[in-house]
Structure formats: structure tokens, C-alpha cells
Amino acid sequence: MSTSPAPHSRAAAPRTPFRKLLAVFAGGLLPLLAAVCGTASPAAAEPADASPASPAAAAAAAAPAAQLTEVTNFGDNPSNLRMHLYVPDNVPENPAVLVAVHYCTGTGPGFFSGTEFASLADRHGFIVVYPSATRSGQCFDVSSAQALERDGGSDPVGIRSMVRHVEQHHNADPDRIYATGASSGAMMTNVLLGNYPDVFQAGAAFAGVPHSCFANNDGSGWNSACAGGTVDRTPQQWGDLARAAYPGYSGERPRMQIWHGTNDDTLRYPNFTEQIDQWTNVHGLSRTPDSTDTPQSGWTRTRYGGTGDQTPVEAISIQGAGHNLPQSGMAARAVTFFGLD
């Protein structure tokens, strides 16, 4: 779900779907993430023997010293997003950058602590940017006309400024910039790759919708038809919408990885197929997969335009899963798709 640049309007948006979405995250994703990536209180985490010579002290000394920090005044930011940055201890001279975008009701720090991207950054040495939406409902704008075109305004412009800041202040490699997100963040991932195909090399969208699927003119930020999976366009039509975000661009297009649960009742499963339609068309590929396999029980993976780990389009359908993605291990698969491991 996303909102327009104006504060979320409950009078304009359908009340039941919005409350349902809040309930999904309050009652579903957050406890799941807490279970997978739970934290202990300082007292509980304190080792029994913390003397300098003890194994516990040695392990503590070896723990990463890097911390999540907030960055202000990072550039053009028309919708007043907040920016948090995680720079691991072991980044190389020209590090890659991953933009990790949270779900509705979430925050950048929450996405940092509740997903596996930071630990993967520690392991592989890339920087992670965590944007935070600040409007009511804490959803990102993927519906307004400003958001759906390059440099049009709203949230995508602020996120682009975050990336530019990291390039300038951390000597990041401009040829290794990636985006990922869940729900509202997955929608934003689709938008970022359409608006800025010259900036992002690849994206991974967990339970999202295609670029421009949530577009509306009423300012509510909610699109019931898209959320319900009833917006059915041809691959050419979807591809044209993504290309229209940056008219005249003829360069290389970002690779896309698409994840969706078959039982998603918030952003319905047909959006999985519509995203495949969009990105295969953007890449000029057939909708017939080059390979189909089951990398893990319940996962069905199709690849388009190749059969390796970095194919132009990769789609993973999760049998029986709802809206609570990513689950354990999925972030690592996304990092492999990016080539960051």
C-alpha cells in the first residue's frame, strides 16, 4: 500500500482494506520478524563470564562495531523522508549500495532490525540505506503522478538523493546500486527501477505490485482494484507504463526479482503475474520461462532471459504464504540475485 504526498486520507481510502493492512503487519509480520530476528534485553544478553580472557569477551570483541545512523540534509527531499544508513566495518574502497524499503506502518530502523539485510551486509561488505516514510500510515507514495515519473517529486526523489549522498560521501560504486522492499517497499522497488533505470542495477520486490498499478487521482494512495489483483493488462501495456516513467531512455534496464505468496490477501497473488508481465516486456523477453525449479520446499522459481543466478527476471512463488515476506533465507537469495555475495 502507498500514500500520496498529502497525509493519508481515511475518508478517501477504503477503511476496511487499510485497517486490514495495518492488522496484517501489527499481528503478522512484526511478530514473525521478532521470532526470526529477535533481540534480547541487555541483561539477558550479558555473558556469564565477561572477563578479558574469557571466550565470551573474545566473541564480544569480534562483534561488528558498525551501527545504524541517521543522516539529515542529504539532498532534495520533497516529501521529508528520513534516512538511516548502515555502513559495515568491512566495506571495500568502492562499496555497493542496497536501498531497503520498509512496509506500511514500518520504519527504516524497524526494517534494519527485523530483516536479514544488515547481517548480510556485514558478511559481504555492502552499504544499506533504510528510508523511512513520514506520512500518516507510514506508507510510501507509489500512486501520485509525481511519484510515477523520473524526478517528478515525492518519495522517489528523496530516495534518489539518499543514493547520491552515499555515492558522494562513501565513495560508493555507481554501477552497483540495488533496491529491495516489502509490500509498500516492494511497490517502491518497482517504481524506483522504472523511474531510475540508469541508477539501479537490480531490484527484489517482496509482495508488491507493478509500476503504476497503484496510480490514482483521488489523493488517497489506495487502489482497491490493484490491491485486489483485478488490474489485468498485457505485457506490452505494463512495459509501456514502466518505460513512460523515463521517456526517451534507451539504456540497459535493471534486472528484477519478484516474490509473492499464493495466499496473499492484502496485495493479491495475480500481482505476481502482472509484475512478471511488466519486467519481461521491459527486457524484451518471452513470457515463457527459460527454466523452472524448486530451490526450496514450497518455492517455485521461474527464470526469464537466462538460467543463472543473475538472469534479467527471476520470479519466486511461495506456496501457501501470505503477505508476510521476506521470510528467513529470502534476503540471502536476493543478495545472490544482486551478485553481492
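What the table shows:
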{"quantity": "Kirkwood Rh, angstrom, the range 84-187 [1 / mean 1/r, Cα pairs]", "calculated": "13.9"}
{"quantity": "Charge context of Ala96, other residues only, Cβ under 12 angstrom, K/R +1, D/E -1", "calculated": "-4"}
{"quantity": "Span from the the range 221-254 Cα centroid across to the the range 278-317 one, whole angstrom", "calculated": "18"}
{"quantity": "Kirkwood Rh, Cα atoms: Rg over Rh of the range 198-294", "calculated": "0.96"}
{"quantity": "Packing-based order for 93-106, 307-320, using average beta carbon neighbours within 10 Å, highest first", "calculated": "93-106, 307-320"}
{"quantity": "Derived scalar couplings ³J(HN,Hα) [the range 205-222; Karplus, 6.51 cos²θ - 1.76 cosθ + 1.60; whole Hz; x for Gly, Pro]", "calculated": "10, 9, 6, x, 9, x, 4, 6, 5, 8, 4, 7, 10, 9, x, 7, x, 10"}
{"quantity": "Whole-Hz ³J(HN,Hα) from phi, Karplus 6.51 cos²θ - 1.76 cosθ + 1.60, for the range 319-327, glycine and proline x", "calculated": "5, x, 7, x, 8, 8, 10, x, 9"}
{"quantity": "Difference of contour (0.36 nm per residue) and Cα-Cα distance, Gln236 to Glu167", "calculated": "21.4 nm"}
{"quantity": "Label-to-label distance, nm, for residues given as Asp265 and Asp290 (7 Å Cα→Cβ offset)", "calculated": "3.9"}
{"quantity": "Overall dimensions of the range 127-238 by Cα: Rg and Dmax, Å", "calculated": "14.0, 44"}
{"quantity": "Calculated FRET efficiency for the pair Arg123/Asn217, C-beta based, R₀ 45 Å, to 0.05", "calculated": "0.50"}
{"quantity": "Estimated dipole of the range 280-341 in Debye, rounded to 20 [Cβ of Lys and Arg +1, of Asp and Glu -1, Cα centre]", "calculated": "140"}
{"quantity": "Net +/- balance of residues flanking Thr302 in space, Cβ distance below 12 Å, scoring K and R +1, D and E -1", "calculated": "0"}
{"quantity": "Sequence-distant residues sharing a close amide H with Ser291 (under 5 Å, placed H)", "calculated": "Arg303"}
{"quantity": "Residues whose placed amide H lies under 5 Å from that of Thr105, excluding near-sequence neighbours", "calculated": "Gln138, Cys139"}
{"quantity": "Amide H within-cut-off set for Ser154, under 5 Å, with H built and near neighbours excluded", "calculated": "Ser79"}
{"quantity": "Cut-off 14 Å between beta-carbons: net charge of the residues surrounding Asn171, Lys and Arg +1, Asp and Glu -1", "calculated": "-2"}
{"quantity": "Ser113 paired with Ser297, simple spin-label distance in nm, labels 7 Å along Cα-to-beta-carbon", "calculated": "3.2"}
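Computed from the coordinates by the stated procedures, all read-outs in this text should not be read as laboratory data. Worth saying up front: this structure is predicted, and the values here are computed from it rather than measured. Here the Cβ is made from the backbone with ideal geometry for all residues, glycine too, and neighbour counts use every protein chain on show.
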